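Asks: Okay, here's the structure, questions in a sec.
Rule-based calculations on the coordinates, nothing more; no lab input. Predicted, not measured: the structure shown is a model, and the values here were computed from it. In this analysis, Cβ positions are derived from the backbone assuming ideal geometry, glycine residues included, and neighbour counts consider all displayed protein chains.
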Amino acid sequence: MAAYVNETLGRYSDLLYGTALGVYILAMLMFLIALGMQSTNKKAFAEVAVADRELVGAAAGSTAGSVPIAGDRTPGRIAGPERKLRRPRAAVLSAAAYPVVFVGIAAQIASIVLRGLATERMPWGNMFEFISLTCAAVVVGGLVALRKAEYRPLMGVVLVPVSLMMFIAGKWLYAQAAPVVPSLKSYWLAIHVSVISISSGILLVSGVLSLLFLARERWPERTDFLPPAAAMDRVAYKCVVVAFPLFGLGVVFGAIWAESAWGRFWGWDPKEVVSFIAWIVYAAYLHARATAGWRTAAAWINVAGFATLLFNLFAINLVVSGLHSYAGVS
């Protein structure tokens, strides 16, 4: 008997997927504009600070008995147009964009759930579904890691790869809601793939932050709209500390599933090899990050891990022939 698929729920799932992508793009643009405005605000604040110093100097040179004229501006009492700088427009726009992301992640999670209900299985049985789950993990990881107000505009940069991956998945890797192949009908599908996807999503957030850290160090004047380099490096490190053991567990779970499905724990399949290489790269990052004077080198290693994850996600699944190629997951 053929497996039952609820086509109506499948269509609603696809509709919510497109909605999530559209909302992410909107939030991304709002955050990126806020980032650009931060540089302008900093320059404006610098101009006000110079004007205040000049006023202080003028006040110091005046006689003690002089009376301040109407409209006198002193530090801490900025009048006129400068008063708006106390509530930067960048902060307002960033605060408005933050809840927009929650709308997007709600739509995407609903899309994932509906696809699971439509197919009566775990909704990450093909490349399209796996990318959707991984992107959801990236967004949730970004919302948690960048929850402080000073970091929130960086969500715009995080949403760039999310939007690209979701567009690619929806345009070229889309698969209609359908049952999975027999070899994936295992409870390990729920365990192994979900752990790998969640950990990969958090690691991708860390990779984006390390890229921004390197840019901040390399071009400090051109990237003055970004938070301090040390702060971004610290958040990137915390992401890897959380995701690294999860990723390791995912690799172990995959080996156990391989023994159950194929009769061996390790077979030098391309997916297995690159996943293990990625784990080694992140282990090297943690070691380098804990070594004094290696912050920049550690960031480059983290970027290498970021590239390895993307290579494992697309090139290994779609180009290289292997045991994992039939489904595009693991």
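Asks: Please list, by residue number, every one of the trypsin sites (Lys or Arg not before Pro) in region 84-193 that is coil in DSSP and has at most 16 other beta-carbon atoms within 10 Å.
Replies: R147, K148, K185
Asks: Report P(r) for region 120-217: all Cα-Cα distances, bin width 10 Å, range 0 to the bin holding the largest distance, values in whole percent.
Replies: 15, 40, 29, 13, 3, 0
Asks: Using the number of other C-beta atoms within 10 angstrom as an exposure proxy, rank L164, L32, L209 with the fewest first. Walk me through the numbers on the way to the answer.
Replies: On the way: L164 11, L32 19, L209 31.
Least crowded to most crowded, the residues run L164, L32, L209.
Asks: So how far, in whole Å, is the C-alpha centre of region 268-301 from the one of region 191-262?
Replies: About 10 Å separates the Cα centre of region 268-301 from the one of region 191-262.
Asks: Determine the shape class of region 183-330: with a ≥ b ≥ c the square roots of the Cα gyration tensor eigenvalues, call it rounded for a/c under 1.5, and otherwise prolate if a/b is greater than b/c, oblate otherwise.
Replies: prolate
Asks: Shifting gears a bit: Short version: what are the Cα gyration tensor semi-axes of region 213-275, square root of 5 times each eigenvalue, largest first, in whole Å?
Replies: With the √(5λ) rule applied to region 213-275, the semi-axes are 40, 13, 6 Å.
Asks: Additional query: What net charge do the residues around H192 carry, taking every other residue with its C-beta under 15 Å from that of H192, with Lys and Arg at +1 and Asp and Glu at -1?
Replies: Net of charged neighbours comes to -1.
Asks: Turning to a different aspect of this structure: Quick check on the exposure proxy: order C135, C239 from fewest to most C-beta atoms within 10 angstrom.
Replies: Lowest to highest Cβ neighbour count: C239, C135.
Asks: If you don't mind, there's one more thing I want to ask. Return V251, V103, V181 ranked ascending by Cβ neighbour count within 10 Å, so the fewest neighbours appear first.
Replies: Fewest-to-most Cβ neighbours within 10 Å comes out as V181, V103, V251.
Asks: Ordered by residue, what ³J(HN,Hα) values in Hz, to whole numbers, does region 240-246 give under the Karplus form 6.51 cos²θ - 1.76 cosθ + 1.60, where θ = phi - 60° and Gly and Pro are x?
Replies: 5, 4, 6, 7, 4, x, 5
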